[in-house]
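Worksheet for the structure shown next.
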Amino acid sequence: MQNLFLTSDKKARKEYNKLLKQTAKAVSDAFVNESAYSGPTPDELKEIVRQDSILPEHGLGWDKVFELTKEKVLPNLLRTPSTEYMPHLHGPSLLETIAAETIISTFNQSMDSWDQSPVATEIEVETIRHLCKLYGYDTSKADGVFTSGGSQSNQTALLLARDWFCNKQLNYDVKKYGLDEKCSKLRMYTSEISHFSMEKSCHIMGLGYKSVEKVPVDNRKKMDVSALRSLIEADIKAGNIPFLIVGTVGTTDFGSIDPLEELSQLAREHNMWLHADAAYGSGVIMSQKYSDRVKGLSLCDSITVDFHKMFLMPISCSAVLLKDGSTFDALTIHADYLNREEDEEDGYTNLVDKSMQTTRRFDALKVWMSFQTRGRDGWSKIITTSMENAAYLYSILRNDSDFAVITEPEISSVVFRYKGNDSLSGEELDEINKKVRRTLIHEHGTIIGQTVSDGRVCLKFTLLNPRVTHEKLDELKELIKKLAIS
Ligand SMILES: *Cc1c(COP(=O)(O)O)cnc(C)c1O
């Protein structure tokens, strides 16, 4: 490698071009077939990647290292665009967003202050404005910021909700004075199958797991609103202080959607904040056919949107949106070296004022480019296809007596269990379901999910990839049956 960086120098530009071309060729050459994985076990992979040193005394040079990477790494990476990859809410990257990533890392803007990311800041602001509109917010008041992922979006929302509530309802400034006695009585409500970032966030905020009240779900895995109402009333009686309800829009396993309209009503009654964790389900808004399923999002005080799930963008890419952007004040702290107060007055936006992160990626570019590239119709097709695939899989599994399906999918996840002809015990079937998933990984390069429902091991297809066809789903169902009895 002759040059350190891409510069205006002709040789440096040539080297940059060559590097990207070489890399693109090696990456595309690694797509040898439709399977998602080449199959090695953990021990085999350890053997493959073991090196004498990753920091040799003298550099090996680019050519050698590129050869090593081609030999050891590329063949064993999961090919996430494969139609045989469907374990988690983790999908392939749309082509235009890979181009965006190249731009992002080459220019390496940092989103904390305007002077580190002039046009990037303006693009993030504009993208956030459009997102607020998309989810039904009044754009003259709403605001948002990109984050590292749904967990951080949730944490940001929970923190802002807590500070808002303490300021408005308890007349107490947590930001300045930290937690006091009253704060130990704060309670938030979320379903028993919500994401663990709720507990983690409450731990980080000093409220502890005890502040998280888990509400039971009904047989469709949606939050039981009458149970929620009773919990809130009991807490008030006991002297606790309910401050927040979190509705999950697309639970991580089942894709079930909590009843936001009813949650919103309850939140208003008790002057609580309502947050929507739509890390998964935020994509449903793009489907012309199904967007009604998430229309309650506009009622929520804040929304977590993940672009590295249904939206098929490279990790990381997420945003948190607030109905009333002024609530971000809780995160603003001025520093002479970064975000001077005078900057704002002069029209220079420093996005760090809304963010938990300081140095931050220009992830908004991926959304900005991809939304324009595909348009409403292109996006609608992507999301509708994955949702229809889930409906199809549900129907074929339900009509096959060898399987039990847990719930009818509301988005694009299907959780089910091989049960054969009912002659085997629950434990035996647990082992069979586990074995099927492992065999699929190592012998077929096919990766599906596994979870537990009602204490029993289940398999899961998370159908984010619109290239999956009904024939593929038929085939996989038959393969699972074959593996289960072998
Ligand atoms: C994935 C997920 C999260 C966490 O998002 P990350 O981007 O992985 O941090 C939060 N909530 C739900 C419902 C999720 O599915």
Segment 102-371, convex hull of Cα, quarter of hull surface, nm² -> 14.3 nm²
Hull surface divided by four, with the convex hull built on the Cα atoms of segment 375-485: how many nm²? 7.1 nm²
Return an integer: the convex hull volume of the alpha-carbon atoms of the chain, in Å³ per residue. 183 Å³
Mind checking which aspartates and glutamates have their Cα closer than 16 Å to the Cα of residue 168? Skip sequence neighbours fewer than 8 apart in that chain. 180, 269, 301, 324, 329
By the Kirkwood definition, with r running over pairs of different Cα atoms, segment 121-252 has a hydrodynamic radius in Å of 16.2 Å
Go ahead and estimate [θ] at 222 nm for the chain from helices alone: -39,500 (n - 2.57) per DSSP H run with n ≥ 4, summed, over the residue count, rounded to 500. -13000 deg cm²/dmol
Once label points are set 7 Å from the Cα along Cα→Cβ at both residue 50 and residue 141, what is their separation, rounded to one decimal in nm? 6.3 nm
Listed with the fewest Cβ neighbours within 10 Å leading, 124, 344 appear as 344, 124
Which lysines have a Cα lying under 18 Å from the Cα of residue 381, excluding residues fewer than 8 positions away in the same chain? 289, 309
Cα gyration tensor shape for segment 235-307, rounded if a/c is under 1.5, else prolate or oblate: prolate
Given contacts defined as C-alpha pairs under 8 Å and at least six residues apart, what's the relative contact order of the chain, whole-number percent? 20 percent
Among 414, 457, 367, 49, what is the fewest-to-most ranking by other Cβ atoms within 10 Å? 49, 457, 367, 414
In whole Å, what is the distance between the alpha-carbon centres of segment 151-185 and segment 252-303? 22 Å
Sorted by Cβ neighbour density within 10 Å, fewest at the top, the residues 236, 245: 236, 245
For the residue 9, residue 399 Cβ pair and Förster radius 60 Å, calculated FRET efficiency rounded to 0.05 is 0.40
Taking H as built 1.01 Å from N, whose amide H comes closer than 5 Å to the amide H of residue 241, not counting residues under 5 places away? 186, 187
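Every number in this text was worked out from the coordinates using simple rules, so none of it is lab data. Everything numeric here is computed off the predicted structure, so don't read it as measured data. As a convention, Cβ positions derive from the backbone with ideal geometry for all residues, glycine included, and neighbour counts pool all protein chains shown.
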